[in-house]
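K.L.:
Below you'll find the structure I mean.
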Amino acid sequence: MQKLALIIFVLAAWIQVKSQDPAPKLLGNFSWVKTGNSSKPASLKVKAIPVKMETKEVPNQYPITPVRPINPGTLMLKMGRTIPKTSPYQYGKKWLLKPEVKDAPPLLERDNAWFNVSYADRQHGFAGIFTSDFAEDSNHHIWMATDKGLIRYDGYHYYIYDNQSGLPNMTIESIQFDQLNRLWLGSDKGVYLIQNDSILSIQTPELDFKNLYCRHIQLDQQNRIWLATKEHGAICVDEKKLSIYDKSSGLPSNYVHTTHVAKNGNLLFGMWDIGLVVVEPDQMKFLFSQNKQLLYHDISAIYENEQGIWLGGFSAGLIKLGKADTLQYSFMGDFADRIYDIAQGPKGIYCSIYGGGVAIFNGKTHIRINETNGLHDRNSYNLFVDSFENLWVADLANGFSRLNENKFYIQPLQNKNLKQVMGLLPDGKRGNWILSEGNGLAYDNGKSVTYYSNTLQNGVKPMLHPMSGIVNPDGSIWLSSYGAGIVYGKNKDFTFYQYDDFWENEIIFSVKRDKDQTIWFSTMRFGVIAYQNNQFWHYDKSNGLIDNNPKLLYHDANGQVIATYEYGLQKLSNNQIETMHLNGNTFKAKVNDWLVLKTGKTLMATENGGLLLMDQNQIWQWNQDNDLMSNTIKKIIEDKSGIIWITTNNGIESFQLKDKQLVNHQIYHTGNGSYILNAKEPFLDSAGNPYWFLGNKKLLFDPEGQRQLEQAPIFRIRDIWVDGTSKTTQEKVYLLPDEKLAINFSTIFWGREQHLEIGYLIISGQGDSSYRSIGKKGQILINDLVPNSYKILLVAKDGNKLYYSKPIWMDILNFWYNRWGFRVLMLLILLGAILYYFKNKQAQQEKLNQVLEQKVAEQTEQIVQEKEELVKSNQVILQQNKEKDALIQEVNHRVKNNLQFMSAMVQMQSNTNQHQPTKDALLETNRRINAMSLVHEMLYHKMDTEGLYIDGYLKELVNQLKELTNPGQAPIVFKLELAELFLDSKTATSLGMIVSELVSNSIEHAFHQTTDPKIDIQLFVQEVDKICLMVKDNGTEGPNKIKMGSGLGTRLIDIFCRQLNGDYKAEHNNGFEFKLVFKFRKP
């Protein structure tokens, strides 16, 4: 439960973060800084050229829907209750085989579309040639009656049911789902039902339903099925019986084209070519059978709403049976429209017109959609409104079309001569001056448009390209133009102003009047021109402009004029020019549009920086990082209700601005019609709704065209596979780490399915989440997750809206040998084995203990006897050891005495010998004898006869060697760093002899030219089992290298080193240095 709560919390937090209104980014503080290099403007000499404009008035053309009263010519067929024939029935059943499956390409849109219409045809992957009817099942799949049989469409595939699948050989004309989700098929060769994977046929003694020609199927409010047949009248099918209305029941004919059960319970039967039959509780009426206004009397469609009952007829137009009157409407103009079907839509009723497309009629005016403005073809037949309020249009010649949500659609201008409208100037008198690119200036008073033109005269070019303008209080106008310069006009009298270098600088971009009544003009390459008190003034870079190419002019909240440039903004006035700075630096953004809101705040549309808000002295930014669709904002407008509309390079967005938050943010992109990308300059109509000019047409926003209910996409999991094995979609999925999971799904969002971005969210049992995008394909493949519990949610993004599916629960299990159950089992087995082992061991041990106790008792007695004998033997051994130690001490004493005696004799011989070499040799011999004698002396004085501590021995040896120092030499400083090591006598003797030879050699030969002689002796453990001896002096003489056999001392050193099994080296490096490394042998 805790894990589930954590997962829900993480998902809710993620959804909240993704769906909350975006917060703007603070860019910093702005200020207006007066330019420092400005100078006074120069007076501009201009030439005023008066021109009498020619005018031409063209009336506006508004679409009208022809209407006329019509007399139904009601006849009484019979009085009294109409009683149908009844019959019981049952179903025959056979199995359907699996359908053929074909991939369904995305639906297309016509390049000339004025409406948001999608279509499919044979040439672009549709599985059939034509369609005749549609129905929607409980999974929101669309079923189509086609020439190929029955097709089920889920947005990804076409599932084709035909003769190969078990359907009879027939042409299906009408299909309808009943309350049990059974699909009824009406065809030229029978009526059938499809239920799951079976096809049912109706069996009754009254009729052969396998040969019944059924034109139309209807489900009434009581969930009864009505069949309109060609030869057997109208048949009502309820749960128990059939009710047959035909000629025997009073109908004038058995050929019924369509049926309808009115809200008041009356039955309406549209008859083939003879009118309408109305069956009331106590009488039967016949309408339109004798009316001569109708070319044909075939009633093919019946629809009822609050306005009345609407009838569609073959070559009879649209007829409304109202409470007060009966009217006939025509969408083609001749009251001969061939209307096959009628359906309800958000903007009114839809009418299919065979050969004329589809008409949308609101009761007064209509819009007609055909192959010239959106439909794929014109042979419209049956209509179907799906659960997403889209209109599916069957076409008896080619494929099908679907009219999606039409918040935006294109409408031609009311005046056919208008082209490329660039701007409007309201004059306050319910009229507008129209600025047309390439078509000059015009004035629209609502009823007609007056076109103004001039020919080339007096050096003035025709004004074909007005750019912008302002209307003066007296009705006169100032215009900026491309090629005609500055223009002033009143009535037909216009004045064209030319100045020096005019032909090089004749392009005027924009014109605005500031609060001081100065009129400002921005030019190409000529800076800014100001008009005040009948005088023109010229501003350029020398007067403080950023450059000489200002773009458009706008008003700030205080009525001052703002000039935009390629990069940057300036505020213009007669007294000074100020440049905008942001955070102390010149503002560098390219501003495409500027709008002062009703709240007094200002919005800027930028080329690459998104939307900027100027509030007090701060600038805030919205862009793609905080939920705008694009960073390139072209235009901004605020409508009557305070909704802000921005035009971008990717579409249109709308929102309300509250406390720096974008509230009710809506994104409109190609899902609302690809033509939305062509939107440019926005305007407001008389109702305050925005629209955009598109050449000689305009793009309208119609709030009535939006769906009545806000709906979310429907996610459906078709199947789940684990390494090729199908799994149920209703239970948790289990798989191993090396297995692959495939989830096949469909996302139903009819009308916008092609514009969804599909992905999925993975949430682990610990609450960690990961989002992965999969585009528009209907499959998820997962093979990279570690063992854990997971929750998978499909995610669909439509603009800035996110939608989520129900979760798919999944556990990735460890391999059997890594699972806790297996580990616990093995632990229990191991514990049982250990317990068994120890219990068995204990039993054996007890038996063994009994045997051992007996043996111990026997051995104890024997041990006691042996112990007594060992004690006696130990006493003897101890006595022998004492005698041995005394003997060794005596030997050491005698060896020491003998060596001392030999030393004395050598010393006496040296004293009596006058030959110096001989005397020196005897002294060297005496020194060596003393070194060996010192070892035995120290062994004699110690109680331990096994060895001695080498540090004490070497210190005593060095003290003796100091006596060899020549009195005439400087005193030698000995530095001893000796480890406290206990060595056997043999090793000690060898080290003593080596040190003696080295020290004596240094004393004798190294310090003849040294004023502060030093000898360092170090003995330390180098590794665990190795000892290092180092002897160094700082003398200037001595042997360069000890060579084997070159002298007695050298040979002795080599002999003793080999006795120690050591490695040595000797070298000169600022004195003599000797290093010996040998293995440490404990005594």
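The values are calculated or read from the model by the stated rules, or taken from the named source; none is laboratory data. It should be emphasised that the depicted structure is a prediction, and the values quoted were computed from it without experimental measurement. Methodologically, a virtual Cβ is constructed for each residue, glycine included, from the backbone with ideal geometry; neighbour enumeration extends over all protein chains shown.
For (1) within 60 Å of the chain's Cα centre (by Cα); (2) assigned to a helix (DSSP H, G or I); (3) closer than 27 Å to residue 762 by Cβ, each residue gets a yes or a no:
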| site | (1), (2), (3) |
| --- | --- |
| 806 | yes, no, yes |
| 814 | yes, no, yes |
| 817 | yes, yes, yes |
| 821 | yes, yes, yes |
| 824 | yes, yes, no |
| 831 | yes, yes, no |
| 841 | no, yes, no |
| 844 | no, yes, no |
| 858 | no, yes, no |
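K.L.:
Please identify the pairs in which a residue from the stretch 68-88 that is assigned by TED's automatic domain parsing to the domain that holds residue 268 has its Cβ atom under 9 Å from the Cβ atom of a residue that is part of a strand (DSSP E or B) and of a type in the set (Asp, Glu), counting only partners at least 6 apart or on another chain.
P.N.:
82/280
K.L.:
Quick one: in the stretch 974-1016, of everything that is assigned to a strand (DSSP E or B) and in contact with an Asp or Glu (Cβ under 7 Å, 6 or more places away or on another chain), which residue is farthest from residue 1032 (Cα to Cα)?
P.N.:
Among them, the one singled out is 984.
K.L.:
Within the stretch 295-316, which residues are part of a loop (DSSP other than H, G, I, E, B), farther than 11 Å from residue 340 by Cα and touching a residue at least 24 places away in the same chain (Cβ under 8 Å)?
P.N.:
Correct list: 295, 297, 307.
K.L.:
Given the options 285, 240, 210, 230, name the one that is assigned by TED's automatic domain parsing to the domain that holds residue 178, under 22 Å from residue 340 (Cα atoms) and of a type outside the set (Ser, Thr, Tyr).
P.N.:
When all the criteria are applied, what remains is 230.
K.L.:
Could you please let me know if residue 289 is closer than 21 Å to residue 77 by Cβ and touching an Asp or Glu at 6+ places or on another chain (Cβ under 8 Å)?
P.N.:
No.
K.L.:
Read through the list (1) without any contact (Cβ under 8 Å) to a residue 24 or more places away in the chain; (2) within 29 Å of residue 414 (Cβ to Cβ); (3) in a strand (DSSP E or B), then give the number of the only condition that residue 664 fails.
P.N.:
Going through (1) without any contact (Cβ under 8 Å) to a residue 24 or more places away in the chain; (2) within 29 Å of residue 414 (Cβ to Cβ); (3) in a strand (DSSP E or B) one by one, residue 664 breaks only (2).
K.L.:
Go through the stretch 779-800 residue by residue and tally those that are free of Cβ contacts under 8 Å to residues at least 60 places away in the same chain and part of a strand (DSSP E or B).
P.N.:
9
K.L.:
Looking only at the stretch 492-530, count how many residues are surrounded by 16 or more Cβ atoms within 10 Å (Cβ to Cβ) and under 21 Å from residue 565 (Cβ atoms).
P.N.:
Here the count works out to 22.
K.L.:
Do we have residue 603 as at pLDDT 95 or above, over 28 Å from the mean Cα position of the chain (by Cα), surrounded by fewer than 20 Cβ atoms within 10 Å (Cβ to Cβ) and not hydroxyl-bearing (Ser, Thr, Tyr) here?
P.N.:
Considered against the rule, which asks whether it is at pLDDT 95 or above, over 28 Å from the mean Cα position of the chain (by Cα), surrounded by fewer than 20 Cβ atoms within 10 Å (Cβ to Cβ) and not hydroxyl-bearing (Ser, Thr, Tyr), residue 603 comes out as no.
K.L.:
Moving to a separate point now. Just to be sure, is residue 99 in contact (Cβ under 8 Å) with a residue 40 or more places away in the chain and within 53 Å of the chain's Cα centre (by Cα)?
P.N.:
So residue 99 passes the test.
K.L.:
For residue 801, are the conditions met, namely being out of contact with any strand residue (DSSP E or B) (no Cβ under 6 Å at 6 or more places or on another chain), closer than 22 Å to residue 627 by Cβ and either exposed (fewer than 14 other Cβ atoms within 10 Å of the Cβ) or charged (D, E, K, R) (or both)?
P.N.:
Yes.
K.L.:
Does the stretch 357-370 hold any residues that are in contact with a strand residue (DSSP E or B) (Cβ under 7 Å, 6 or more places away or on another chain) and in a loop (DSSP other than H, G, I, E, B), and which are they?
P.N.:
362, 363, 370
K.L.:
Is it the case that residue 143 is assigned by TED's automatic domain parsing to the domain that holds residue 211 and closer than 30 Å to residue 696 by Cα?
P.N.:
no
K.L.:
In the stretch 525-551, which residues are more than 54 Å from the chain's Cα centre (by Cα) and at positive phi?
P.N.:
Matches in the stretch 525-551: 533, 534.
Yes or no, residue by residue, for (1) in contact (Cβ under 8 Å) with a residue 60 or more places away in the chain; (2) buried (at least 24 other Cβ atoms within 10 Å of the Cβ):
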{"site": "393", "(1), (2)": "no, yes"}
{"site": "398", "(1), (2)": "yes, no"}
{"site": "407", "(1), (2)": "yes, no"}
{"site": "422", "(1), (2)": "yes, no"}
{"site": "426", "(1), (2)": "no, no"}
{"site": "431", "(1), (2)": "no, no"}
{"site": "434", "(1), (2)": "no, yes"}
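K.L.:
Right, here's the next one. I'd like the residue in the stretch 261-277 that is within 15 Å of residue 217 (Cα to Cα) and crowded, with 23+ Cβ neighbours inside 10 Å and, out of all such residues, is farthest from the chain's Cα centre (by Cα).
P.N.:
271
K.L.:
Would you check which residues across the stretch 181-198 are at negative phi, surrounded by fewer than 21 Cβ atoms within 10 Å (Cβ to Cβ) and in contact with a Pro (Cβ under 9 Å, 6 or more places away or on another chain) and list them?
P.N.:
Answer for the stretch 181-198, where residues must be at negative phi, surrounded by fewer than 21 Cβ atoms within 10 Å (Cβ to Cβ) and in contact with a Pro (Cβ under 9 Å, 6 or more places away or on another chain): just 189.
K.L.:
Only residues that are in a loop (DSSP other than H, G, I, E, B), farther than 12 Å from residue 380 by Cβ and of a type in the set (Phe, Trp, Tyr): list them for the stretch 317-352, please.
P.N.:
335
K.L.:
Taking the stretch 606-630 on its own, how many of its residues are β-branched (Val, Ile, Thr) and either surrounded by 20 or more Cβ atoms within 10 Å (Cβ to Cβ) or assigned to a loop (DSSP other than H, G, I, E, B) (or both)?
P.N.:
Qualifying residue count for the region: 1.
K.L.:
Residue pairs, Cβ under 7 Å, 6 or more apart or interchain, first in the stretch 1053-1075 and more than 16 Å from residue 1021 (Cα to Cα) and in the same structural domain as residue 1007 (by TED's automatic domain parsing), second of a type in the set (Lys, Arg) and at pLDDT below 85. List them.
P.N.:
1066/1041
Residue-wise test of (1) at pLDDT below 90; (2) within 27 Å of residue 461 (Cβ to Cβ); (3) basic (Lys, Arg); (4) assigned to a strand (DSSP E or B).
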{"position": "21", "(1), (2), (3), (4)": "yes, no, no, no"}
{"position": "27", "(1), (2), (3), (4)": "no, no, no, yes"}
{"position": "32", "(1), (2), (3), (4)": "no, no, no, yes"}
{"position": "38", "(1), (2), (3), (4)": "yes, no, no, no"}
{"position": "57", "(1), (2), (3), (4)": "no, yes, no, yes"}
{"position": "62", "(1), (2), (3), (4)": "yes, no, no, no"}
{"position": "68", "(1), (2), (3), (4)": "no, no, yes, yes"}
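K.L.:
Given the residues 309, 302, 274, which is the only one that is modelled with pLDDT of 95 or more and in contact with a His (Cβ under 6 Å, 6 or more places away or on another chain)?
P.N.:
Sole residue among the options that is modelled with pLDDT of 95 or more and in contact with a His (Cβ under 6 Å, 6 or more places away or on another chain): 302.
K.L.:
To continue, here is another question. Collect the residues in the stretch 212-260 that are among the aromatic types (Phe, Trp, Tyr), crowded, with 23+ Cβ neighbours inside 10 Å and under 57 Å from the mean Cα position of the chain (by Cα), keeping them in residue-number order.
P.N.:
226
K.L.:
Here's another thing I want to ask about it. Give 781, 793 a once-over and let me know the one that is of a type in the set (A, V, I, L, M), in the same structural domain as residue 744 (by TED's automatic domain parsing) and closer than 19 Å to residue 711 by Cα.
P.N.:
Exactly one of 781, 793 is of a type in the set (A, V, I, L, M), in the same structural domain as residue 744 (by TED's automatic domain parsing) and closer than 19 Å to residue 711 by Cα, namely 793.
K.L.:
Can you pull out the strands (runs of 3 or more DSSP E) entirely within the stretch 452-543 that have at least 2 residues that are of a type in the set (A, V, I, L, M) and either in contact (Cβ under 8 Å) with a residue 24 or more places away in the chain or in contact with a Cys (Cβ under 9 Å, 6 or more places away or on another chain) (or both)?
P.N.:
In the stretch 452-543, the matching strands (runs of 3 or more DSSP E) lie at 466-471, 477-481, 486-490, 508-513, 528-532.
K.L.:
Let me ask you something else. Quick check on the stretch 1062-1083: of everything there that is assigned to a loop (DSSP other than H, G, I, E, B) and touching a strand residue (DSSP E or B) at 6+ places or on another chain (Cβ under 8 Å), which residue is modelled with the lowest pLDDT?
P.N.:
1083
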